[in-house]
Amino acid sequence: MSRLALGLSALVATLFLAALVVGPAPLGIWHGLQALIAGGNGPEVLVMREIRLPRALLGLMIGGALGLAGAAMQGYLRNPLADPGLIGVSGSAALGAVLALQTGLAATVALGLPLAALAGALLGVGLVLALAGPRGSSLTLILAGIAISALAAALTSLVLNLSPNPFAANEIVFWMMGSLADRSMTHVAIAAPLILLGGVMLGSLARGLDALTLGEDAAEAMGVNLTRLRLVLIFGTAAVVGAATAVAGAIGFVGLVVPHLLRPLVGAQPGRLLWASAFGGAAMLLAADIAVRVILPARDLKLGVVTALVGAPLFLHLIYRTRQEGL
Amino acid sequence: MLAAKAGITAIGLLAGTAQPALAQDVPRRVVSMNLCTDQLAMLLADKGQLISVSDLAHDPRSSAMVAEAAAYPVNNGLAEEIYLMQPDLVLAGRYSQLATVDMLRRLGIRVEQFDPATSLDQVTERMTRMGALLGREDIAADQITRFDQRLASFRDGIAPRPRAALYFANGYTSGDQTLAGDILTAAGLINIAAELGLVSGGVIPLETLAMAEPDTVVTGQPYPGASRSEEILSHPVVGALQAGRPSTSMNAQDWLCGTPYVLRAIGQMAELRRDVQADRERQQARK
């Protein structure tokens with residue numbers, strides 16, 4: 001807790017405010033913030049409280065969730081290439097969400113949507129960890145991720161194409177790329193409980209992940225229960241990624257870029273990297289969501305496009321470096 | 001009396017001279033493969049003249065003439081099935097099924113394409129053309145007269161006009177240079193799309209819609225099965241704009257095609273307009 005914590009919270013706070021004042025309606029900054037806090041009867045209050053506030057809150061929550069999940073998986077697998085989007089967890093969560101929406105489960109069961117996405121994400125994480133093994137070599141991790149992503153994407157497209165709703169098939173892009181456009185407080189309420197729960201679970205792993213850097217035997221000798229750690233990791237990741245994907249679609253690369261950038265700043269300690277990545281992820285997603293609104297305000301440019309443009313080159317760089325190291 | 005008789009004879013003569021020439025041209029086996037030509041043809045064709053309509057004509061969400069369409073065999077707009085029906089005239093839309101249309105023309109079948117109607121004036125144009133194609137000019141003229149009369153009955157003494165927003169999936173709206181825009185205007189409503197500079201249509205962001213504060217919001221009816229595109233119609237902001245004010249969702253089948261069924265849409269909107277005006281008077285009285 002230091003200059004880094006201070007700097008990251010200041011960055012997130014600034015971007016959160018910026019997300020509240022950017023939008024197609026021409027509201028003055030002070031006028032808008034006043035309407036947000038003081039309320040009243042005008043349409044400004046509606047715009048601030050029902051459109052911009054939920055969007056900014058979701059950017060904060062979902063960015064934080066993805067950054068945290070990325071840092072936790074990388075810490076556990078001791079592999080910098082693990083990102084929930086890249087290894088197919090987000091894709092399987094999207095499949096769960098789409099199934100819940102199209103079968104009507106989302107409309108009939110309370111929290112049916114995020115729970116179904118959680119179930120999908122659980123399947124994804126479980127498969128990846130089973131295939132990659134406890135030390136997850138880069139090659140098997142990425143290959144397993146490609147296979148799971150491809151299968152989940154194909155099944156998601158199939159479900160959407162079979163839907164009686166003609167709009168559903170056009171939404172494949174949303175589920176693959178993610179967007180926060182036109183979300184409401186309802187979506188905040190849907191995502192918040194599971195993101196909080198999963199966040200607390202992943203946050204509790206800090207000590208275990210630090211111990212794991214010394215190797216599994218050493219960690220066990222230090223009193224870390226590896227089975228429990230693994231279970232908490234799986235459920236925590238599935239909860240945050242599932243809830244995030246259920247309302248915003250699969251947004252990739254946040255969990256890859258953020259831990260990579262912050263790792264040197266926390267002395268490469270996976271435990272400290274967890275909270276730092278949560279802040280960093282929130283900052284990155286808020287920035288990306290501001291960018292899509294500023295660059296193409298009328299087109300609903302997908303968030304995943306921006307995060308991939310930033311993240312994919314870094315991913316290539318990481319693969320190149322891993323190869324050089326002969327892993 | 002004499003003059004009238006002479007007139008009738010003249011018409012008889014005209015018809016007498018015209019008919020033999022027409023009889024050869026009049027198509028006997030007509031297939032329609034577009035929702036809008038389906039309905040125009042069903043309205044105007046002679047008994048047995050129209051032998052098939054498109055599958056959409058049977059879809060109650062899109063077609064205003066589902067009951068009538070039940071009497072006709074379906075086609076799915078595939079060149080093969082249409083060719084096997086041995087039509088002497090195929091009716092198609094301008095922008096759909098272009099490959100099928102090309103194929104049918106190569107096979108030597110006459111295909112007539114209709115542009116989608118973008119104004120109320122074009123409704124009568126389309127009916128006139130369909131009447132001519134089917135050799136049913138007199139029936140078409142009758143229906144056009146009735147249509148014009150009923151349309152005129154909507155256009156009397158409307159003021160002040162409430163501001164309405166058309167709001168569809170993904171935040172789309174229709175501007176003034178569209179059939180839907182014309183329907184609003186004919187019903188005595190102002191389309192806020194025009195205020196926002198949207199001529200033929202486009203997206204109104206939720207924020208812009210909220211700031212425009214329309215007197216009423218007309219939404220599209222969601223399809224079965226969920227979609228994110230339509231979720232915007234149940235967004236709390238749309239709910240807040242509709243709360244405590246008259247509003248409605250549109251019956252799409254009356255709005256899609258340039259047929260006399262647009263009168264039903266105009267009637268529904270005129271009723272909405274009266275509700276909004278009555279609501280406004282009540283509120284002023286309360287003050």
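For region B:81-145, rounded, prolate or oblate, judged on the Cα gyration tensor with a ≥ b ≥ c (square roots of eigenvalues), a/c < 1.5 rounded, else prolate if a/b > b/c?
Oblate shape, in that a/c is at least 1.5 and b/c is the bigger or equal ratio.
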Work out from phi, with θ = phi - 60° and the Karplus expression 6.51 cos²θ - 1.76 cosθ + 1.60, the ³J(HN,Hα) of each residue of region A:219-236, listed in order in whole Hz, and give x for Gly and Pro.
4, 5, 4, 7, x, 8, 7, 5, 5, 5, 4, 4, 5, 4, 4, 4, 5, x
Extend 7 Å from the Cα of residue A:107 along its Cα-to-C-beta direction; within region B:164-204, residues with backbone N under 17 Å of that point are B:169-170
Dipole of chain A, positive end: most advanced residue of A:232, A:34, A:128 [Cβ charges, Cα centre]:
A:34
Mind ranking A:253-261, B:256-264, B:100-108, A:138-146 by how tightly packed they are, going by the mean number of other C-beta atoms within 10 angstrom, highest first?
A:253-261, B:256-264, A:138-146, B:100-108
Could you calculate the FRET efficiency of residue A:228 with residue B:203 from 1/(1 + (r/R0)^6), where r is the beta carbon distance between them and R0 is 56 Å, rounded to 0.05?
0.65
Can you pull the mean other chain C-beta count within 10 Å for peptide B:228-238?
6
Gaussian network model of chain B, springs between alpha carbon atoms under 10 Å - residue of B:63, B:234, B:52 with greatest fluctuation
B:234
For a test of the definition: using alpha carbon positions, the gyration tensor, and the 1.5 limit on a/c, classify region A:49-128 as rounded, prolate or oblate.
oblate
Please work out the C-alpha center-to-center distance from region B:141-203 to region A:261-327 and express it in whole Å.
48
With θ set to phi - 60° and the Karplus curve 6.51 cos²θ - 1.76 cosθ + 1.60, what are the ³J(HN,Hα) couplings of region A:145-150 in order, to the nearest whole Hz, using x for Gly and Pro?
x, 4, 4, 5, 4, 5
Determine, for each peptide in A:97-106, A:237-246, B:269-278, the mean count of other beta carbons within 10 angstrom over its residues, then list the peptides with the highest first.
A:237-246, A:97-106, B:269-278
Tally Lys and Arg at +1 and Asp and Glu at -1 over the other residues with C-beta under 11 Å from the C-beta of residue B:36: what net charge comes out?
0
Extreme residue, positive dipole direction of region B:26-150, given options B:135, B:37, B:124 (C-beta unit charges):
B:135
By its C-alpha gyration tensor, with a ≥ b ≥ c as the square roots of the eigenvalues, how is chain B shaped: rounded for a/c under 1.5, else prolate for a/b larger than b/c, else oblate?
oblate
Which of the helices in chain B, when you take each full DSSP H run, stretch at least 20 Å along the axis at their Cα atoms and have an average Kyte-Doolittle score of 1.6 or higher?
none
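To the nearest 20 Debye, how big is the dipole of the protein assembly as shown about its Cα centre, given +1 on the beta carbon of each Lys and Arg and -1 on that of each Asp and Glu? Don't jump to the answer; show the numbers that get you there.
Values: 43 positive and 44 negative charges, 257 e Å.
Around 1240 debye, computed over the protein assembly as shown.
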Taking all pairs of distinct Cα atoms, average 1/r, flip it, and tell me the Kirkwood hydrodynamic radius of chain A in Å to one decimal place.
19.9
Rg in Å to one decimal, and Dmax rounded to a whole Å, for region B:26-150 via C-alpha atoms
13.7, 43
For the protein assembly as shown, what number results from the quotient of the Cα radius of gyration and 2.2 N^0.38 Å?
1.22
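Per-residue mean of other chain beta-carbon atoms within 10 angstrom of the beta-carbon, peptide A:163-170?
Per residue, the average neighbour count from other chains is 6.
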Amide N proximity, region A:134-175 versus residue A:320 label position 7 Å along Cα-to-Cβ, cut-off under 20 Å
A:138-139, A:142
Once you've got the GNM for chain B with C-alpha springs shorter than 10 Å, pick whichever of B:93, B:175, B:197 has the biggest mean-square fluctuation.
B:197
Efficiency of FRET from Cβ geometry, residue B:70 and residue B:153, R₀ 41 Å, rounded to 0.05
0.85
With unit charges on the beta carbons (Lys and Arg positive, Asp and Glu negative) and the dipole taken about the Cα centre of region A:1-115, which residue among A:94, A:66, A:53 sits farthest to the positive side?
A:66
Mind ranking A:182-192, A:149-159 by how tightly packed they are, going by the mean number of other C-beta atoms within 10 angstrom, highest first?
A:182-192, A:149-159
Computed over chain A: relative contact order in percent, which uses C-alpha pairs under 8 Å that are six or more apart:
30
Expressed as a whole number, the average count of other chain Cβ atoms within 10 Å around the Cβ atoms of A:50-56 is 3
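Every number in this text was worked out from the coordinates using simple rules, so none of it is lab data. In this text, all values refer to a predicted model and were calculated from it rather than measured experimentally. Cβ coordinates were reconstructed from backbone atoms using ideal geometry, including for glycine residues, and neighbour counts include every protein chain displayed.
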